[in-house]
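The values are calculated or read from the model by the stated rules, or taken from the named source; none is laboratory data. What you are looking at is a predicted structure, and each value in this text was computed from that prediction instead of being measured. When we count neighbours, we look across all protein chains shown, and the Cβ atoms used for this are built from the backbone with ideal geometry, even at glycine. All accessible areas refer to the heavy atoms of the entire protein, side chains included, with ligands and DNA or RNA removed. Shrake-Rupley method; radii C 1.70, N 1.55, O 1.52, S 1.80 Å.
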Amino acid sequence: MKELDRVELIKDRAEYADRGIKAGAKGTIMLGEERNGYVLVFFDGEYYRNEEGFLLMDEIDVGVRVEDLKVISDDKK
């Protein structure tokens, strides 16, 4: 796995549930390399419009164990 890979969470854990993430959630690896068995993943959130009318997404950033992720194809292309 490397920075900017699209990934899917394949295992539920309390540490992820506390942040609102469950198995099946998809996101993008950020900040590159693995540290102590974890990578930082920005999981896709909900789209919303701000006061100026811009469409934004609130993503959830979580440190995730590498063994709890699988790389998926980028379905947003």
Q: State yes or no: is Gly45 part of a strand (DSSP E or B), farther than 15 Å from Val71 by Cα and not aromatic (Phe, Trp, Tyr)?
A: yes
Q. Of the residues in the range 16-56, how many are farther than 15 Å from Ile72 by Cα and in contact (Cβ under 8 Å) with a residue 40 or more places away in the chain?
A. 4
Q | Boolean, Lys11 is in contact (Cβ under 8 Å) with a residue 40 or more places away in the chain and open to solvent by 50 Å² or more (accessible area, probe 1.4 Å) | A | yes
**Q.** Criterion violated by Leu31 - all others in (1) open to solvent by 100 Å² or more (accessible area, probe 1.4 Å); (2) over 15 Å from Leu9 (Cα atoms); (3) over 13 Å from the mean Cα position of the chain (by Cα) satisfied
**A.** (3)
**Q.** Test for Lys2: is it of a type outside the set (A, V, I, L, M) and touching a helix residue (DSSP H, G or I) at 6+ places or on another chain (Cβ under 8 Å)
**A.** no
